Amino acid sequence: MAVTFYINLAYLLGAIAFVWGLRLLSTPDTARRGNILASIGMGLAIIAAMLAPLENTSNNYGWILGGMAVGAGIGWVSARRIQMTAMPQMVSMFNGLGGACAVVLALVEVFQFYGGERTLDSGQLVIVLSTLLIGGVAFTGSLLAFGKLQGLVRDNTLTLPKHNIINQIMLLVLIVMGVMLVIQGQEAGLTMAMIFTVLALIYGFSFVIPIGGADMPVVISLLNSFTGLSAAAAGLIYENNFMLVGGILVGASGTILTVLMCEAMNRSLLNVLIGGFGGGGGSAKGADGDQVAKEVSINDAAIQLYYSNSVMFVPGYGLAVAQAQKVCKEVDDLLEANGVDVKYAIHPVAGRMPGHMNVLLAEADVPYPKLLDLDDANSALPNTDMVVIVGANDVVNPAAYDDPGSPIYGMPVLNVWEAKNVIVLKRSMSTGYAGIQNPLFFHAKNRMLFGDAKDSLNKLVQELKNL
Amino acid sequence: MESVYEFFNQNLFLIYLLIFTIILGFEVISKVPTVLHTPLMSGANAISGVVIIGAILLIRQSDPNDYLGLGLGFLGVILGMINVIGGFAVTDRMLEMFKRKK
């Protein structure tokens with residue numbers, strides 16, 4: 001009896017550690033402690049699960065410890081090796097594996113049920129099928145998100161005509177099949193359950209296919225909450241309250257994060273899921289043939305920056321790709337040394353994940369107070385002499401204000417054109433992740449500085465040192 | 001309808017737990033500054049690795065000769081462990097950088 005008490009106590013403490021850890025994770029000063037606390041909670045629960053008294057157990061500790069060693073090794077090495085810029089796809093991949101784990105657990109139940117080894121009442125069957133569906137979608141959806149962010153899969157290449165209708169039909173079929181599986185019970189047979197599983201996996205892929213552009217962070221967050229829900233459903237299968245609490249916490253927090261992100265873009269979740277970004281660009285006005293973007297030389301850019309009173313950097317995904325955060329900080333230091341006030345404007349969805357830019361700039365030791373959020377940046381912009389846009393595009397697109405035909409119309413953007421001058425560091429005139437042209441490039445105040453962001457910033461550093 | 005009443009009465013504790021946990025999850029997260037969104041998502045992602053508990057219980061309950069159960073459980077433990085260890089380690093790496101600049 002005493003053993004059961006300690007096991008249950010360990011689960012309880014683990015659950016408290018999760019809640020408290022998440023709470024500490026929500027403030028910058030305590031965030032690291034929060035993460036460590038949550039990991040201790042997980043450790044406690046794993047030990048409890050290993051030692052909990054079970055009926056008819058043969059323990060098979062060798063299998064468990066072997067699996068844990070392999071998984072811990074892979075997880076640790078990839079987490080340590082991954083570059084900060086590739087963080088979003090890494091998180092997406094880890095998330096997908098969690099979903100896969102839930103699918104595996106549910107599959108075991110399915111095999112045992114249809115093999116006649118155990119019975120499931122209709123309530124339990126609903127839970128098992130939900131685990132398969134939600135976990136499966138989280139798994140394949142996260143894999144595709146990984147592929148897209150890693151650049152392995154290009155946006156739009158897989159989109160079918162009427163893709164959203166196909167998705168809706170697929171979801172409908174899944175629900176109908178699920179209901180039939182529950183009603184028919186064991187008579188439905190393993191084959192139908194396997195078709196259901198495969199279809200759920202295909203749906204996960206298909207569901208992420210049309211989503212792209214600035215919506216990628218939203219979908220990762222949503223898939224994260226799906227993994228949480230599938231873990232919670234698996235907790236119901238195993239009648240384990242700890243799994244239930246952990247899974248639901250993630251499901252709820254993931255949902256809130258998703259909603260916060262949608263609000264930041266002034267769009268509804270439904271609108272994000274249906275997509276519409278990227279595909280063909282809608283009726284976006286874009287570049288008329290006679291519009292020409294004006295260029296600026298490195299030398300001129302350096303002089304303009306050096307003699308400004310205030311400079312604001314607008315980092316975007318291009319900064320991450322070019323690994324330019326540290327050079328950016330060098331330019332910042334040189335300008336600060338000359339008394340220029342340097343700030344960074346962080347759009348909520350800049351990069352591929354909310355807060356992505358904050359993480360990168362923190363890596364380059366940019367002090368936290370220098371980072372302005374959307375509202376603060378927009379009120380500071382009219383008094384800013386120079387804006388330097390490093391690899392951002394859609395988040396500074398004026399079409400969001402004045403072109404109702406644009407796919408990003410209505411999204412709050414950084415009003416960089418209100419500053420006195422703008423310089424855009426960019427490889428070419430190509431469109432941003434949303435696949436639409438940016439009228440800012442042709443704006444009277446704007447000058448283009450073509451080239452790789454890191455390269456251009458390095459040259460700027462040289463020029464600034466020579467001044 | 002009778003079965004719904006019965007389900008509710010029998011699982012009352014579970015329903016309480018579910019509802020309060022959902023409210024707790026919403027409350028804890030809703031005041032987070034944007035800076036912490038990525039680490040928070042990553043930390044929550046590590047927590048969703050709790051599913052590994054199920055995989056551990058599965059292996060322990062499997063018959064030593066049931067290679068399907070053991071094999072799938074083994075796979076589940078690997079997947080779950082990557083999620084847990086990788087998730088916490090990545091989050092820690094991110095947060096470490098927030099600390100250093102102070």
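Numbers below:
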quantity: Counted residues, the stretch A:408-467 - those being charged (D, E, K, R) and closer than 16 Å to residue A:316 by Cβ; calculated: 4
quantity: Criterion (under 30 Å from residue B:62 (Cα atoms), within 9 Å of chain B (Cβ to nearest Cβ) and out of contact with any strand residue (DSSP E or B) (no Cβ under 7 Å at 6 or more places or on another chain)) met by exactly one of A:41, A:34; calculated: A:41
quantity: Hits in the stretch A:448-467 - residues which are surrounded by fewer than 19 Cβ atoms within 10 Å (Cβ to Cβ) and not charged (D, E, K, R); calculated: A:450, A:451, A:458, A:461, A:462, A:466, A:467
quantity: Failed condition for residue A:175, given (1) of a type outside the set (Gly, Ala, Ser); (2) assigned to a helix (DSSP H, G or I); (3) buried (at least 16 other Cβ atoms within 10 Å of the Cβ); calculated: (3)
quantity: Residue list for the stretch B:8-32, filter: more than 7 Å from chain A (Cβ to nearest Cβ) and either in contact with a Gly (Cβ under 8 Å, 6 or more places away or on another chain) or part of a loop (DSSP other than H, G, I, E, B) (or both); calculated: B:11
quantity: Members of the stretch B:68-85 found to be over 28 Å from residue A:77 (Cβ atoms) and more than 7 Å from chain A (Cβ to nearest Cβ), listed by number; calculated: none
quantity: Helices (runs of 4 or more DSSP H) within the stretch A:213-274 that include 3 or more residues more than 13 Å from the chain's Cα centre (by Cα), of a type outside the set (Phe, Trp, Tyr) and closer than 18 Å to residue B:31 by Cβ; calculated: A:241-264
quantity: Check on residue A:68, over 20 Å from residue B:48 (Cα atoms), within 28 Å of the chain's Cα centre (by Cα) and either β-branched (Val, Ile, Thr) or buried (at least 16 other Cβ atoms within 10 Å of the Cβ) (or both); calculated: no
quantity: Selection within the stretch A:211-243 - of a type outside the set (S, T, N, Q), at pLDDT 90 or above and either buried (at least 24 other Cβ atoms within 10 Å of the Cβ) or not assigned by TED's automatic domain parsing to the domain that holds residue A:100 (or both); calculated: A:222, A:223, A:226, A:228, A:229, A:231, A:232, A:233, A:234, A:235, A:242, A:243
quantity: Flag if residue B:41 is within 7 Å of chain A (Cβ to nearest Cβ), crowded, with 24+ Cβ neighbours inside 10 Å and farther than 30 Å from residue A:63 by Cα; calculated: yes
quantity: Residue in the stretch A:426-439 that is at positive phi, under 26 Å from the mean Cα position of the chain (by Cα) and without any contact (Cβ under 8 Å) to a residue 40 or more places away in the chain present; calculated: no
quantity: Filter result for residue B:56 (among the β-branched types (Val, Ile, Thr), more than 19 Å from residue A:82 (Cβ to Cβ) and facing chain A (nearest Cβ under 7 Å)); calculated: yes
quantity: Leading residue by the ranking (surrounded by the fewest Cβ atoms within 10 Å (Cβ to Cβ)) among those in the stretch A:84-111 that are of a type outside the set (A, V, I, L, M) and more than 21 Å from residue A:232 (Cβ to Cβ); calculated: A:111
quantity: Options A:66, A:99; residue that is at the interface with another protein chain (Cβ under 9 Å from one of its Cβ atoms), of a type in the set (Gly, Ala, Ser) and without any contact (Cβ under 8 Å) to a residue 12 or more places away in the chain; calculated: A:66
quantity: Residue within the stretch A:42-64 that is part of a helix (DSSP H, G or I), among the hydroxyl-bearing types (Ser, Thr, Tyr) and under 26 Å from the mean Cα position of the chain (by Cα) present; calculated: no
quantity: Any helices (runs of 4 or more DSSP H) falling wholly within the stretch A:289-389 and containing at least 2 residues that are over 30 Å from residue A:211 (Cα atoms); calculated: A:298-306, A:325-337, A:374-380
quantity: Subset of the stretch A:322-349 (residues that are crowded, with 18+ Cβ neighbours inside 10 Å, touching a strand residue (DSSP E or B) at 6+ places or on another chain (Cβ under 8 Å) and not aliphatic (A, V, I, L, M)); calculated: A:325, A:328, A:332, A:343, A:344, A:347
quantity: Number of positions in the stretch A:136-172 that are without any contact (Cβ under 8 Å) to a residue 24 or more places away in the chain, touching a helix residue (DSSP H, G or I) at 6+ places or on another chain (Cβ under 7 Å) and in a helix (DSSP H, G or I); calculated: 0
quantity: Some residue of the stretch A:17-33 being in a helix (DSSP H, G or I), of a type in the set (Phe, Trp, Tyr) and either crowded, with 20+ Cβ neighbours inside 10 Å or within 25 Å of the chain's Cα centre (by Cα) (or both); calculated: yes
quantity: Criterion violated by residue B:95 - all others in (1) facing chain A (nearest Cβ under 7 Å); (2) within 20 Å of residue A:17 (Cβ to Cβ); (3) within 20 Å of the chain's Cα centre (by Cα) satisfied; calculated: (3)
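A quick yes/no check of all residues on (1) buried (at least 21 other Cβ atoms within 10 Å of the Cβ); (2) more than 13 Å from residue A:416 (Cβ to Cβ); (3) modelled with pLDDT under 85; (4) more than 11 Å from chain B (Cβ to nearest Cβ):
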| site | (1), (2), (3), (4) |
| --- | --- |
| A:367 | no, yes, no, no |
| A:371 | yes, yes, no, no |
| A:374 | no, no, no, no |
| A:384 | yes, no, no, yes |
| A:390 | yes, no, no, yes |
| A:396 | yes, no, no, yes |
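The values are calculated or read from the model by the stated rules, or taken from the named source; none is laboratory data. It should be emphasised that the depicted structure is a prediction, and the values quoted were computed from it without experimental measurement. As a convention, Cβ positions derive from the backbone with ideal geometry for all residues, glycine included, and neighbour counts pool all protein chains shown.
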